[in-house]
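Scroll down for the structure; my scribbles are underneath it.
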Amino acid sequence: MQYYRAHVLICGGTGCTSGKSLEIKAELEKQLVTYGIENEVKVVMTGCFGLCEAGPIMVVYPEGTFYAHVQVKDVKKIVEEHLFKGRIVKEKLYYEALDEDKVISVNEVEFYAKQKRIALSNCGVIDPENIDEYLAKDGYQALIKVLTDMKPREVIEEIKKSGLRGRGGAGFPTGLKWEFASNYEDDMKYVCCNADEGDPGAFMDRSILEGTPHSVIEAMTIAGYATGSKKGYIYIRAEYPIAVKRLEIAIKQAKDYGLLGNNILDTKFSFDIEIRLGAGAFVCGEETALIESIEGKRGMPRTKPPFPAEKGIWGKPTLINNVETFANIPAIILKGGEWFGSIGTEKSKGTKVFALGGKIKNTGLVEIPMGTTLREVIYGIGGGIPDNKKFKAVQTGGPSGGCLTAEHLDTPIDYDNLVSIGSMMGSGGMIVMDEDTCMVDIARFFLDFTCEESCGKCTPCREGTKRLKEILDKIVAGNGTIEDLDRLENLAGYIKDNALCNLGQTAPNPVISTLKFFRDEYMAHVVDKKCPTSVCKDLLQYTITDKCIGCGSCAKVCPQGCIEPLGKEINSKTKRRQYVIDQNKCIKCGACLEACPPKVKAIIRK
Amino acid sequence: MKKSVEELMKIRQETLKKMELRENDAHCRIVVGMGTCGISAGARPCLTAIVDEVNKRGLSNVQIVQTGCVGMCRLEPMFDVIIGDKKYTYVDMTPEKSRQVVVEHIVNNRVIHEYTIGEEEKE
């Protein structure tokens, strides 16, 4: 066995890869050879570390040194100073990893110390393309336990005991789902993993698949055993190439080791997994539309009931769970349902992964126990809002969720609490907005998304979302009336009650919640024809005041050429005149405002 | 190749050894002084020898880390062996002596007192 005195872990998640972590790895290997220490230092490419804000990330063990924003040009220095001479390169450390002069290891950094990782436990720790490292981290132990000394019933009982609920959004109890699927008798049954993650700004499932693909494969195999199925599908979007590649590698490795295929571990149980690529339609994350898509048809939801547990893929009983739900299964089997049930709140057990995004310092992935407050997530782990801006709202659940305000910050996060205050857990996107965000514009943004993604099968969603968006467009353009607000409310309620699937039923949520909590902003748009945050361009006007010194800086930068010295003469010798904006030509880009010298500040935005 | 449960357990144990470095609690830490003084006195070949010896003997749960100058430059190359709360500082090392320390101290658990820094370090 080769002994390495240091392990260098480089993040190979999508975020860091786009920050050139592959080139960093190549450069690192080159430099190690240059210094002749390639046999002493091991380079490992891992899955997402979660703190995408600090990417590309590099962690050096045994010290646990946490390097952030590593660039290809920094590699030589890290190799020479740290790996060769043993001196930590302090200027490349993550800012929190340096407490005055003391270097803190990655696990003690506040961002990680405050989390509890179950589904993400292997992300950023193991090499996802190496099944042996997964085995070392108790991988496939749960499968061995299930196949050697548990009956399918007992597996389901254990899951039920854990209180695990579906992590895809609706929060249906997973154990019950498994029980339903196992109760239907048929010659063929299927297990399906829903990896069609589509919410803007959400990347939990992608990171799990990139960081620990074997967890999902193991869990699906366990589900196959528990429900009496021998075939599994993973439905994943083709836009996740790294996740797809790692899944393919993982499936091949599992087959090689006999952990997938016929007679797994010499038992009578056989199970196989196939990957199906989706083309990226949001609606295919809805389970019945996903099933249609797997069958090769157009991705449109079916009427429920019958539920997939009774008639799913090819009309056969199908168990369908989300990636994160599956990722929790091996730990539940190994440590027991009671252990899992001891984490979280009364009705929501375990942990939940959130993708933090928007106006927040630590953009990235966090896994927290259910019942943690929004404040803790946003201000504690998330590090608060940049530039000392004021918190305005947080959107949970993506386009299907709602916006929550400052008064909800102390609400413990769980399925029922979020629903009771007008949002939902969703798959776990969490977008933070600061005082500069216009809530009407946000509602319109999400509506724009659902409108595009509506499959068109049912009228409330197809037509309703379009009309909702039209009204919002009208308000944003400054042509709205007070009656429009009532129309919005009525229509939103109608769509919610009548759409066929969850996409349609939840599509009006952003409108409903913003209308409820930020009605004053809507009023400002329709009554005063003003956008309080100066986001909606049609409601803005730039004017030059009497302070103008006639320097002409604004005219130089105006892309429309609509600023000219036509005002009052201020210097009779040079004939300098004050400048004026031609409002008919102005496109409200704001370039003049930035160009006006800070001492003068002659341009105002209203 | 299809694996039996026993074979899977074996792979698990072996990989676990390889990954131990990423856990924070090692049984034994060897801290090699790699200040300018250490390097010029030949700390680098000592470090290579230690890594090589650890490798050859298949030792696990050993962390080899580097540190800067500790202020006694005349005694370089030097390194600490820390097991539990006991720390021994070996001074005036050569690659040969370093190998001996790995074998005697870490494998056989016998401190080579004649190489350590002085009387006060003795048990």
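Taking the condition within 14 Å of chain B (Cβ to nearest Cβ) and either touching a helix residue (DSSP H, G or I) at 6+ places or on another chain (Cβ under 6 Å) or over 15 Å from A:Gly64 (Cβ atoms) (or both), does A:Ile37 pass? Break it down into steps so the answer makes sense when it comes.
Numbers: within 14 Å of chain B (Cβ to nearest Cβ): yes; either touching a helix residue (DSSP H, G or I) at 6+ places or on another chain (Cβ under 6 Å) or over 15 Å from A:Gly64 (Cβ atoms) (or both): yes.
Yes; evaluated as a whole, the condition is true for this residue.
Counting only residues that are within 14 Å of chain B (Cβ to nearest Cβ) and closer than 13 Å to A:Thr212 by Cβ, how many does region A:48-62 have?
Step one: list which residues in region A:48-62 are within 14 Å of chain B (Cβ to nearest Cβ), which gives A:49, A:58-62.
Among the residues that remain, those that are also closer than 13 Å to A:Thr212 by Cβ are: A:49.
Number of matching residues: 1.
If a residue has to be part of a loop (DSSP other than H, G, I, E, B) and buried (at least 18 other Cβ atoms within 10 Å of the Cβ) to count, how many in region A:514-529 make the cut? Steps first, answer last, please.
Residues of region A:514-529 that are part of a loop (DSSP other than H, G, I, E, B), as a first pass: A:518, A:527-529.
Next, only the ones that are buried (at least 18 other Cβ atoms within 10 Å of the Cβ) stay: A:518.
Total meeting the criteria: 1.
So is B:Ile117 more than 14 Å from every other protein chain (Cβ to nearest Cβ) and touching a His at 6+ places or on another chain (Cβ under 8 Å) or not?
Values: more than 14 Å from every other protein chain (Cβ to nearest Cβ): yes; touching a His at 6+ places or on another chain (Cβ under 8 Å): no.
In short, no.
Among the residues of region A:346-369, are any buried (at least 24 other Cβ atoms within 10 Å of the Cβ), of a type in the set (A, V, I, L, M) and in a helix (DSSP H, G or I)?
No: region A:346-369 contains no residue that is buried (at least 24 other Cβ atoms within 10 Å of the Cβ), of a type in the set (A, V, I, L, M) and in a helix (DSSP H, G or I).
In region B:71-112, which residues are touching a Phe, Trp or Tyr at 6+ places or on another chain (Cβ under 8 Å), more than 14 Å from chain A (Cβ to nearest Cβ) and closer than 25 Å to A:His82 by Cβ?
Result: B:Val81, B:Thr89, B:Tyr90, B:Val91, B:Met93, B:Val101.
Check off (1) away from chain B (no Cβ under 14 Å); (2) part of a helix (DSSP H, G or I); (3) surrounded by fewer than 18 Cβ atoms within 10 Å (Cβ to Cβ) for A:Gly175 and give me the number that stays unchecked.
So the condition that A:Gly175 fails would be (3).
What about B:Gly68, is it within 14 Å of another protein chain (Cβ to nearest Cβ), buried (at least 19 other Cβ atoms within 10 Å of the Cβ) and of a type in the set (Gly, Ala, Ser)?
The answer is no for B:Gly68.
Looking at region A:441-466, which of the residues that are of a type in the set (Lys, Arg) and surrounded by 15 or more Cβ atoms within 10 Å (Cβ to Cβ) is farthest from A:Leu503 (Cα to Cα)?
A:Arg444
Within region B:10-64, track down each residue that is under 26 Å from A:Asn130 (Cβ atoms), aliphatic (A, V, I, L, M), buried (at least 20 other Cβ atoms within 10 Å of the Cβ) and at pLDDT 85 or above.
B:Val51, B:Val54, B:Ile64
Please note which strands (runs of 3 or more DSSP E) are completely contained in region A:1-61 and include at least 2 residues that are touching a Gly at 6+ places or on another chain (Cβ under 6 Å).
Details: elements: A:6-11, A:41-46, A:58-61.
Strands (runs of 3 or more DSSP E) meeting the threshold: A:41-46.
Output the residues belonging to region A:415-450 that are hydroxyl-bearing (Ser, Thr, Tyr) and either under 25 Å from A:Pro386 (Cα atoms) or out of contact with any Ser or Thr (no Cβ under 6 Å at 6 or more places or on another chain) (or both). Talk me through it step by step, then tell me what you get.
Just the residues of region A:415-450 that are hydroxyl-bearing (Ser, Thr, Tyr), to begin with: A:415, A:420, A:423, A:427, A:437, A:450.
Of everything in region A:415-450, those that are hydroxyl-bearing (Ser, Thr, Tyr) and either under 25 Å from A:Pro386 (Cα atoms) or out of contact with any Ser or Thr (no Cβ under 6 Å at 6 or more places or on another chain) (or both) turn out to be A:Ser420, A:Ser423, A:Ser427, A:Thr437.
Pick out the one residue from A:Ala26, A:Ala68 that is without any contact (Cβ under 8 Å) to a residue 60 or more places away in the chain, more than 10 Å from chain B (Cβ to nearest Cβ) and in contact with a Lys or Arg (Cβ under 8 Å, 6 or more places away or on another chain).
Values: A:Ala26 fails: in contact with a Lys or Arg (Cβ under 8 Å, 6 or more places away or on another chain).
Result of the check over A:Ala26, A:Ala68: A:Ala68.
Answer with yes or no whether A:Cys531 is closer than 30 Å to A:Arg487 by Cα, hydrophobic (A, V, I, L, M, F, W, C) and not assigned by TED's automatic domain parsing to the domain that holds A:Thr405.
Details: closer than 30 Å to A:Arg487 by Cα: yes; hydrophobic (A, V, I, L, M, F, W, C): yes; not assigned by TED's automatic domain parsing to the domain that holds A:Thr405: yes.
For A:Cys531, the condition - closer than 30 Å to A:Arg487 by Cα, hydrophobic (A, V, I, L, M, F, W, C) and not assigned by TED's automatic domain parsing to the domain that holds A:Thr405 - is met.
Taking the condition of being touching a Ser or Thr at 6+ places or on another chain (Cβ under 8 Å) and charged (D, E, K, R), how many residues in region A:563-606 meet it?
2
Kindly indicate the residue of region A:1-23 that is within 14 Å of chain B (Cβ to nearest Cβ) and of a type in the set (Val, Ile, Thr) and also nearest to A:Ile208 (Cα to Cα) among those meeting that condition. Spell out how you get there, then give the answer.
Looking only at region A:1-23, we keep the residues that are within 14 Å of chain B (Cβ to nearest Cβ), and these are A:1-10.
When the remaining residues are screened for being of a type in the set (Val, Ile, Thr), the result is A:8, A:10.
Numbers: A:Val8: 21, A:Ile10: 16 Å.
Of everything passing the filter in region A:1-23, A:Ile10 is nearest to A:Ile208 (Cα to Cα).
Hey, could you check region A:304-345 for residues that are aliphatic (A, V, I, L, M) and assigned to a strand (DSSP E or B) and say which is farthest from the chain's Cα centre (by Cα)? Can you show your working first?
Of region A:304-345, the ones aliphatic (A, V, I, L, M) are A:309, A:313, A:319-320, A:323, A:327, A:329, A:331-334, A:343.
In the following step, the residues that additionally are assigned to a strand (DSSP E or B) were identified as A:319-320.
Values: A:Leu319: 24, A:Ile320: 21 Å.
Here the residue is A:Leu319.
Going by what's in this entry, would A:Ile78 be described as surrounded by 19 or more Cβ atoms within 10 Å (Cβ to Cβ), farther than 22 Å from A:Thr212 by Cα, in contact with a helix residue (DSSP H, G or I) (Cβ under 9 Å, 6 or more places away or on another chain) and more than 10 Å from chain B (Cβ to nearest Cβ)?
Values: surrounded by 19 or more Cβ atoms within 10 Å (Cβ to Cβ): yes; farther than 22 Å from A:Thr212 by Cα: yes; in contact with a helix residue (DSSP H, G or I) (Cβ under 9 Å, 6 or more places away or on another chain): yes; more than 10 Å from chain B (Cβ to nearest Cβ): yes.
Taking the combined requirement at face value, the residue satisfies it.
Taking helices (runs of 4 or more DSSP H) that fall entirely within region A:99-166, which contain at least 3 residues that are buried (at least 20 other Cβ atoms within 10 Å of the Cβ) and more than 9 Å from chain B (Cβ to nearest Cβ)? Working first, answer last.
On the way: elements: A:110-113, A:131-136, A:141-149, A:152-162.
Hits in region A:99-166: A:141-149, A:152-162.
The values are calculated or read from the model by the stated rules, or taken from the named source; none is laboratory data. Given the structure is predicted, the values throughout are model-derived calculations rather than measurements. No Cβ is skipped: glycine too gets one built from the backbone with ideal geometry, and neighbour counts run over all protein chains shown.
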